[in-house]
């Protein structure tokens, strides 16, 4: 009898654990880690209808959306930048959004591109009063908005043990200044051949903290 009760208790305990275990989301389910637990985000930018037409994902996980937003009489370029969880990045523009009038009438953005230096380029069509023109706008993305960190530390287009790996090893040992570059033969076209240039690359593009 005791064995039966023990078996029943074990079965009930396992059942309780299974019932309490979280169920995994199925493909196509809303991602509840995005948008404050809803999987969705809505952002009012202009004074009327707002249209998102292009999206870009930064390497740091931030999401940039571009389109056109109503200003009360016509449309302007507009952008919004979000953190990876869907919250507006308030360090960008005015609390995470930007509105840019460009032409004399309606402006509509349709494409977006990220430059290696972090700047954001938006392209579309802008009304000049009688017809539409090509139009572009470029925005600052912030110093750490886009990192272009590679093993090609000297920027000559190839990764070599006698340059890049040697620089990496010396920096890892705590060396700074000329001690990092002494004895290294850089290619003539290498973009970074001095310690200030190499340090700037490692700090701004690779997120390292290094002494001058």
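Only the coordinates and a few stated rules stand behind these numbers; no lab work does. Source: prediction; values computed, not measured. Every residue, glycine as well, gets a Cβ built from its backbone with ideal geometry; the counts of neighbours run over all protein chains shown.
Label-to-label distance for residue 170 and residue 33 is 4.1 nm, based on points extended 7 Å past Cα in the beta-carbon direction. Separation of the range 101-126 and the range 136-212, taken as the distance between their Cα centroids, equals 31 angstrom. Protection proxy ranking of 43-56, 112-125, by the mean of other Cβ atoms within 10 Å over each peptide's residues and highest first, is 112-125, 43-56. Treating r as the C-beta distance of residue 130 and residue 53 and R0 as 25 Å, the FRET efficiency rounds to 0.60.
Projected over every direction and averaged, the convex hull enclosing the alpha-carbon atoms of the range 149-212 yields 3.7 nm².
At a 10 angstrom cut-off on C-beta neighbours, averaged per residue, how do the peptides 28-34, 158-164, 60-66, 73-79 rank from highest to lowest?
On the way: 28-34: 11.4, 158-164: 14.4, 60-66: 19.4, 73-79: 21.6.
Averaged packing, sorted descending, gives the order 73-79, 60-66, 158-164, 28-34.
With the simple spin-label model, which puts each label point 7 Å out from Cα in the Cβ direction, the residue 148 to residue 208 separation comes to 1.8 nm. Based on every Cα atom in the range 106-212, Rg and the maximum pairwise Cα distance Dmax equal 19.6, 64 Å.
Please say if the chain is rounded, prolate or oblate, where rounded means a/c under 1.5 for a ≥ b ≥ c the square roots of the C-alpha gyration tensor eigenvalues, and otherwise the choice is prolate for a/b larger than b/c and oblate otherwise?
Details: a/c = 3.39, a/b = 1.12, b/c = 3.04.
Verdict is oblate for the chain.
A crude spin-label estimate for the pair residue 189 and residue 88, with each label 7 Å from Cα along the Cβ direction, gives 4.6 nm.
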